[in-house]
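The structure under discussion appears below in the form of structure tokens.
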Amino acid sequence: MASGDSTEGFTDQVLVEEKSCLRTLILNRPRQLNALSFQMVSRLLELFVAFEDDPDVKLVILKGKGRAFCAGGDVAAVVHDITEGHWKLGAEFFRNEFILNYIMATYSKPQVSILNGIVMGGGAGVSIHGRFRVVTENSVFAMPETALGLFPDVGASYFLSRLPGFFGEYAGLTGARLDGPEMLACGLATHFVPSMKLPLLEEALKKVNTTDPAILSAIIDKFSHQPPLKEKSAYHRLAIIDKCFSRRIVEEIVSALEGEAVNGDDLISAALQSLKKASPMSLKISLRSIREGRLQGVGQCLIREYRMCCHVLRKEVSKDFFEVSGIDFVIFLSNSFFENYSKGKLQMQGCRAILLDKDRNPKWEPSRLELISDKMVDQYFSKVDDEDWEDLVLPVRSKLPAYAIAKL
């Protein structure tokens, strides 16, 4: 049986398949690479809450239709509302999305995310927090927000900060693309299953009548294997990544990379190029966010990131987010552009700069790292100065499994 989004005007953006104790949710906007609309987020939130309360549901699978799992958040309407002066409507999108992320991170039932294709930005938020993350040879992961005037959100300061060494700082600041084997090696994924075996895996999971993660893991193990990393994989270079990205501030990271780049290292040169093209303000707040995330639970990270999003939407310190006219939006999500990026053929330097004016010269403000004071960065982490504004309030969670409790 299948059903879709009941919101009028938005049909079947999330498909629901029922089979015994299994519920399979399918993100169904393939032409938009399954970018999350407000309606999709609301529908997913509704379904996850309902399934958790339903004793007949033992397992939830989340996957995408077409060649992408989810390319991020499609918030074109958010940008429109903000340009019209309604920043709080944009904040509402992030509020619902972050609550969904929190429920997934603390879910009392197993979630299996099948990441067969692009998973970026908001797509990571609805998958990486789940108990099982299955990748394939088609998987491409990235958190490209610093190149777009934003910062890795959706709880990324929690999961990036828990990657080995300072690999999370590397991935979060540079927006580096990671393939399926790299996702498995660093812990973003739990299993690697060749795409041709996915139908068999799903058939096996349909026979499940348990919430026991050990039993489910054993089932997935039957279809998975340990894939080799490519010779030039960034994960082979953890020592030099740690050496550079462990530095205290962004300027020191750049300086360390410049010192290593003289040796003609392609990885270092690419990382350095990405940092120099990114929004300086985004780099500053992203590094601090990931560092704070190391000492915080997932709920604390989401509450802080919500504050940061609201400051971005209010344009209080920098307007870099609007320099790109909004990432993960309709123009940016044109298939040819996003696919080229996922294959490494393009560096993202702002939606306006690359797609509208085509000058490849984003006008970041402040334009250089040294022009950004600690006080400017601090503002993103403070409460919003608006009498009608409220911090993100997360639902109370109870009767959670040990792995979910550990995230609180």
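The values are calculated or read from the model by the stated rules, or taken from the named source; none is laboratory data. As the structure is a prediction and not an experimental result, all values here were calculated from the model. Cβ placement follows ideal geometry from the backbone for every residue including glycine, while neighbour counts extend to all protein chains displayed. Surface accessibility is based on the protein's heavy atoms, side chains included, excluding ligands, DNA and RNA. Shrake-Rupley method; radii C 1.70, N 1.55, O 1.52, S 1.80 Å.
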In nm, the gap between the two label points placed 7 Å beyond Cα toward Cβ at LYS375 and SER20 is 6.4 nm
Counting other Cβ atoms within 10 Å, which GluC sites (Glu not before Pro) in the range 199-267 have at most 10 and lie in a DSSP loop? GLU231
What residue among LEU188, LEU178, PRO144 has its Cα farthest toward the positive end of the dipole of the range 74-221, where the charges are +1 on Lys, Arg and -1 on Asp, Glu, each on the Cβ? LEU188
When the solvent-accessible surface of protein heavy atoms is calculated with a 1.4 angstrom probe, in what order do LEU44, LEU267 fall, highest first? LEU267, LEU44
Given +1 on the Cβ of Lys and Arg, -1 on the Cβ of Asp and Glu, and no further charges, what dipole in debye does the range 180-293 carry about its Cα centre, rounded to the nearest 20? 200 debye
Under the rule of -39500 (n - 2.57) per DSSP H run of 4 or more residues, summed and divided by the residues of the chain, what mean residue ellipticity at 222 nm is obtained, to the nearest 500 deg cm²/dmol? -12000 deg cm²/dmol
By how many degrees, between 0 and 90 and to the nearest 10, does the Cα long axis of helix 38-53 differ from the longest principal axis of the chain? 40 degrees
Within the P(r) computed for the chain, what percentage of the Cα pairs occupies the region above 38 Å? 15 percent
Before anything else, pin down the relative contact order of the range 52-201: Cα pairs under 8 Å, at least 6 apart, normalised by residue count, whole percent. 23 percent
Of the candidates SER37, SER382, PRO401, the farthest towards the positive dipole end of the chain (Lys/Arg Cβ +1, Asp/Glu Cβ -1, centred on the Cα centre) is PRO401
Relative contact order for the chain: what percent, with Cα pairs under 8 Å and sequence separation of 6 or more? 18 percent
In nm, to one decimal, how far is the VAL262 label point from the LYS243 one, both placed 7 Å along Cα→Cβ? 1.3 nm
What ranking, highest mean first, results for peptides 23-36, 370-383 when packing means the other Cβ atoms within 10 Å averaged over each residue? 23-36, 370-383
Let's see if you can work this out: charge +1 on each Lys and Arg Cβ, -1 on each Asp and Glu Cβ, no other charges. What is the dipole magnitude of the chain about its Cα centre, in debye to the nearest 20? 1000 debye
Links that overshoot a 23 Å alpha carbon limit, given the list LYS58/LYS222; LYS109/LYS230; LYS63/LYS207; LYS63/LYS277: LYS109/LYS230; LYS63/LYS277
Please give, to one decimal in nm, the separation of the simple spin-label points placed at LEU198 and HIS236, each 7 Å out from Cα toward the Cβ. 2.8 nm
